[in-house]
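The values are calculated or read from the model by the stated rules, or taken from the named source; none is laboratory data. Just so we're clear, the structure is a prediction, and the values are computed from it rather than from any experiment. Because the Cβ atoms are built from the backbone with ideal geometry, glycine has one as well, and the counts that use them run over all protein chains shown.
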Amino acid sequence: MFSFSVTVLVLIQVIATSGGQSVSDERNQQTCVSGGVPGVPGSPGVNGSPGRDGMKGEKGINGERGLVGDVGGKGNAGKIGPQGQQGPEGPQGSQGPRGLQGIKGETGRKGEKGEAVTLNWKQCVWNREDGKDSGLIQNCNFRKQDSNSALHVAYAGTLRVYCSSGRCCSRWYFTFNGNECSGPMTIEGAVYGRPANDNPHRHRQIEGYCENIPAGQVTIGFNIGKCKQYSTTDDGQSGSFSVSRIMIAEVPPSQK
């Protein structure tokens, strides 16, 4: 805006100067004609004041991208960092290969042939009620094969003792050829009663092993009598309401 104002002022000054010169020339011509002296040129006019700033121009176009610079040199090595913490324990390894099979051992010696064992046994069975209080109830004959063996005997059946007053007791026991067992002790059973137990018929079993009996025929008897702590017999009864039996078996000697 300032340049435009200056230009206008210069043009105006030129025009004014030109116009004045024309008049002066005419005067000079007239003077020349009349013989007058030329006038002194006028002094330059005062410069005009600066004009206002012009309008802002549009944004220029971005220039082209510059060239890539050279790669920088390698930097100095950094300091060693602190030691890290120990990590968790790893998983268990897989099982190793199976070892070689051992050498087969020698075959053992053949054992001696064992003796065949045949069980020698017998039972005697009866079905009757026996009301005696003392004496033999039943015999059972048995043939024993070995003098070194033992006899296993057992009674199974119903036994009872009856008390009319006070306490009562009856004893049942085995005999072998008329004698009670002494190897090692007697085979017996006692039934104790009181008046409150009126006719206590019960199934009972009496059994045991008897040793020191010679081989051959043996008569096994089942008997009733008084208890050892009593002076008299009481009212006993055997075999009520059921079958009774004596069971006998010959067995090897016991271990020492």
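Some notes on this structure:
- Put simply, of 149, 170 the only residue that is buried (at least 16 other Cβ atoms within 10 Å of the Cβ), among the hydroxyl-bearing types (Ser, Thr, Tyr) and either touching a Phe, Trp or Tyr at 6+ places or on another chain (Cβ under 9 Å) or free of Cβ contacts under 8 Å to residues at least 40 places away in the same chain (or both) is 170.
- Taking the listed residues 191, 218, the one that is more than 60 Å from the chain's Cα centre (by Cα) and among the aliphatic types (A, V, I, L, M) is 218, with no other qualifying.
- Those strands (runs of 3 or more DSSP E) lying entirely in the range 194-256 with at least 2 residues closer than 30 Å to residue 165 by Cα and touching an Asp or Glu at 6+ places or on another chain (Cβ under 8 Å): 216-226, 235-238
- Within the range 181-201, the set of residues being farther than 19 Å from residue 134 by Cα and in contact (Cβ under 8 Å) with a residue 24 or more places away in the chain comprises 182, 183, 184, 194, 195, 197, 198.
- Looking only at the range 28-46, and only at residues there that are assigned to a loop (DSSP other than H, G, I, E, B) and surrounded by fewer than 10 Cβ atoms within 10 Å (Cβ to Cβ), the one that is modelled with the lowest pLDDT: 35
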